Amino acid sequence: MKKLKFTTLFVLFLSLCTTAFGQGASESPFEKGRRLTGAKDWKAAAEVYRQMIKEDPHDEWAHVNLSWCQLETNDPNGAIKSGEAAIGINPQNAMAYNNRGWGYFMLNRLEEATADFKTAMRISPTMELPRVNLGLTYLRQGSHEEAVAVLKESLSLHPDSIRLHTSLARAYFQSAKYKEAIEQYQLLVRLEPGKVAHYSGLGGSAINGGQHEIAIGAFQQAAALEPDEVQHLKNLGVAQGRAGKRDDAIATQKEVLRHRPRDFQANFELGMTYHQIARWDDAIQYLKIAAEINPGSEQALMGLGMTYAAKGDKDAAQTILPRLKEVSEDLAKILEKAIARIH
């Protein structure tokens, strides 16, 4: 699974109350920093804020904005240090606690992150960002119910927040509340119809929730938005197979293999789709490739063994047993029973 990016979860809090600069200057340091952060030139912006701090070490917002830039450049330790400097100047600066908390989150120091986000919420009860971040911290801790609770409460304050709806959808998905996750993602695709991640989330929730037609539509839309991303086709093929649309699934899976002939999932899914329509030789062809790609996959070994058994090839099925026993004794017992039924 790809590492998730959390860039969009931050809102740079640029205070208009920062230290005043000479009125005659064409662009003040504050304005320059804001312009650079707007352009996402985080390193250049950080240098501006460092210079501001050098000139006035008590400029709390220079420290806060520097911590933001450090988070964006994957420097959590620096962000924590800058956040602490801002807190030392003003212990009631909610954004300083939020930024330090995200630095802790990046380091997986989740108890400290939780404490900082809660402090930020206490100081600024209606502030959206620490609420989002607290929900994400609960999710990482495995506290799904707490995540859902804080995100739902936050949506009562910010009902139009894309960040909150997205985080709540993830919380429902990770809590295996697929019906609620589907509803959240359906809302998100209406709010942001061009965002691929919402369609992927909707499709994944729908597959797990048994809503295969919804999943097919979601993955088709994702593939239309990103035609060069093969993963969308892989997901579409899985959804079509789960929906019993086997001809469509076979065509989609073969298209994936045209791009990625050694893709484990596509070979496995195609093999199992052929198994479901009793095309044993075709199933064996692709399941063998899947087992070669991932020799320790109990799914591929079980699928291959059961296909040999269904075909009536007892000798071939028995060659799978020792390998399957190494990864799953329970599945090996099921295969043994299937072999025993071969006459």
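The values are calculated or read from the model by the stated rules, or taken from the named source; none is laboratory data. Everything numeric in this text was worked out from a predicted model, so none of it was measured. Don't worry about glycine lacking a Cβ; one is built from the backbone with ideal geometry, like all the others, and counts go over all protein chains shown.
Scan segment 271-287 for residues that are assigned to a helix (DSSP H, G or I) and either among the polar types (S, T, N, Q) or under 20 Å from Val238 (Cβ atoms) (or both) and the total you get is 11. Kindly establish whether Glu298 is surrounded by fewer than 16 Cβ atoms within 10 Å (Cβ to Cβ), more than 25 Å from Ala223 (Cβ to Cβ) and either of a type in the set (Asp, Glu) or modelled with pLDDT of 95 or more (or both). For Glu298, the condition - surrounded by fewer than 16 Cβ atoms within 10 Å (Cβ to Cβ), more than 25 Å from Ala223 (Cβ to Cβ) and either of a type in the set (Asp, Glu) or modelled with pLDDT of 95 or more (or both) - is not met. Residue-level analysis places Thr126 outside the set of residues that are at pLDDT 95 or above and either under 28 Å from Gly244 (Cα atoms) or of a type outside the set (Phe, Trp, Tyr) (or both).
Looking at this structure, is Gly237 within 30 Å of Arg190 (Cβ to Cβ), assigned to a helix (DSSP H, G or I) and among the small types (Gly, Ala, Ser)? Judged against the criteria, Gly237 is a match.
Scanning segment 95-126 for residues that are hydrophobic (A, V, I, L, M, F, W, C), in a helix (DSSP H, G or I) and within 19 Å of Pro76 (Cβ to Cβ) returns Met95, Ala96, Trp102, Phe105, Met106, Leu110, Ala113, Ala115, Phe117, Ala120.
Kindly list the number of the only condition in (1) in a helix (DSSP H, G or I); (2) modelled with pLDDT of 95 or more; (3) more than 30 Å from Leu107 (Cβ to Cβ) that fails for Ser156. Every condition holds for Ser156 apart from (2). Among the candidates Ala94, Ala86, the residue that is surrounded by 24 or more Cβ atoms within 10 Å (Cβ to Cβ) and either touching a Gly at 6+ places or on another chain (Cβ under 8 Å) or closer than 30 Å to Arg122 by Cβ (or both) is uniquely Ala86.
Residue by residue, here is whether (1) more than 24 Å from Pro125 (Cα to Cα); (2) not hydroxyl-bearing (Ser, Thr, Tyr) holds:
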residue: Ala149; (1), (2): no, yes
residue: Lys152; (1), (2): no, yes
residue: Leu168; (1), (2): no, yes
residue: Gln174; (1), (2): yes, yes
residue: Ala181; (1), (2): yes, yes
residue: Tyr185; (1), (2): yes, no
residue: Leu188; (1), (2): yes, yes
residue: Val196; (1), (2): yes, yes
residue: Ser200; (1), (2): yes, no
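Of all residues in segment 53-76, those that are among the β-branched types (Val, Ile, Thr) have Cβ atoms under 6 Å from Cβ atoms of residues that are part of a helix (DSSP H, G or I), 6 or more apart or on another chain, in Ile53/Ala62; Val64/Ala86; Val64/Met95; Val64/Ala96; Thr73/Trp42.
Scanning segment 283-323 for residues that are within 21 Å of Asp263 (Cα to Cα) and either among the hydrophobic types (A, V, I, L, M, F, W, C) or in contact (Cβ under 8 Å) with a residue 40 or more places away in the chain (or both) yields Ala283, Ile284, Leu287, Ile289, Ala290, Ala291, Ile293, Ala300, Leu301, Met302, Leu304.
The residue list Ala115, Ala96, Ala85 contains one member that is more than 22 Å from the chain's Cα centre (by Cα) and either acidic (Asp, Glu) or closer than 28 Å to Gln174 by Cα (or both), which is Ala115. For segment 151-175, the set of residues classified as more than 22 Å from Ser200 (Cα to Cα), of a type in the set (A, V, I, L, M) and crowded, with 23+ Cβ neighbours inside 10 Å is empty.
Hey, among the residues in segment 27-60 that are in a helix (DSSP H, G or I) and among the acidic types (Asp, Glu), which one's surrounded by the most Cβ atoms within 10 Å (Cβ to Cβ)? Looking at the filtered set, the residue picked out is Glu60. Has segment 240-250 got at least one residue that is over 30 Å from Ala332 (Cβ atoms) and of a type in the set (Lys, Arg)? So far as segment 240-250 goes, yes, one or more of its residues are over 30 Å from Ala332 (Cβ atoms) and of a type in the set (Lys, Arg).
Of the residues Arg140, Arg131, the single one that is surrounded by 22 or more Cβ atoms within 10 Å (Cβ to Cβ), basic (Lys, Arg), in contact with a helix residue (DSSP H, G or I) (Cβ under 7 Å, 6 or more places away or on another chain) and under 30 Å from Ala218 (Cα atoms) is Arg131.
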